[in-house]
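Below is one structure, written out as structure tokens, with a few remarks after it.
The values are calculated or read from the model by the stated rules, or taken from the named source; none is laboratory data. The model shown is predicted, which means the values in this text are computed figures rather than measured ones. Heads up, the Cβs are rebuilt from the backbone with ideal geometry, glycines too, and the neighbour counts pull from every protein chain shown. Accessible surface is based on the protein model in full, side chains and every heavy atom, while ligands, DNA and RNA are left aside. Shrake-Rupley method; radii C 1.70, N 1.55, O 1.52, S 1.80 Å.
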Amino acid sequence: MAVLINEQIRASEVVLTGLRGEKIGTLSREEALAMARSQGVDLVCTSLMSSPPPCSLVAKGKGKAAAQKEAKASKAVAGRAVGGSIEKVKELRFTAHIEEHDYDTKLRQADKHLRSGKPVQLVVKSSGAKEALAAKAVLERLLTDLKESGVKDTGIQTGGKGSQVKVNPR
């Protein structure tokens, strides 16, 4: 993520937040820069995805660090934060023609992860169109067997080398 500070900000208007997090409102870029200079602080643009972009007044030199911290925090929220770090999604791989005891073992693993509050990515590898139907059938069976502990996040995605689905805990 690019962090824009002071004169690097090109937008004509910005939505400004003060030093203590108070909402100041929509100001012209020049007014916001003048306010930052008068208080001896930096004007930091936190996102370029909206118009006008949100900007904050941040202590001199702390602008880049604060923006990076905010970006990390928003990323953590998006990636299901656990203990301050981003949680990885557990991936379990299957084959299209899996044997029953292997299926049961993987099913127990997926159930255990879901019950502990962690999302699971179920992937079934297949080679060719004939196995693609079998791969989709394995995923549909897994979703049925896991319906008590998890709910599918995405639909079943089928590609050239296999099918996959992400399951979130209930």
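So if each residue of separation counts as 0.36 nm, and I subtract the Cα-Cα distance between A34 and S51, what length gain in nm does that give? Write out the running numbers ahead of the final one.
Working: separation 17, 0.36 × 17 = 6.12 nm, distance 2.05 nm.
Gain in length upon complete extension: 4.1 nm.
For the chain, take the longest principal axis of its alpha carbons; what is the angle in degrees between that and the long axis of helix 63-78, to the nearest 10 within 0 to 90?
Computed tilt is about 30 degrees.
Per residue, what accessible area does the chain have, given a 1.4 Å probe and all protein chains present, in Å²?
Details: 10450 Å² over 170 residues.
About 61 Å² of surface per residue is accessible.
Which of the lysines could a cross-linker span from K136 if the Cα-Cα distance has to be under 19 Å and same-chain partners fewer than 8 positions apart are dropped?
The qualifying lysines are K106, K125, K147, K152, K161, K166.
Which percent of the accessible heavy-atom area of the chain goes to carbon and sulfur, probe 1.4 angstrom? Numbers along the way, then the final one.
Details: 5530 of 10450 Å².
After summing per-atom areas, the C and S share lands at 53 percent.
Ignoring the sites themselves, what is the longest stretch of the chain with no GluC sites (Glu not before Pro) in a DSSP loop and at most 13 other beta-carbon atoms within 10 Å?
On the way: sites that count: E22, E99, E148.
Segment 23-98 is the longest.
Quick one: if you stick a label point 7 Å off each Cα along the C-beta vector at E100 and K72, how many nm between them?
The modelled label-to-label distance comes out at 5.1 nm.
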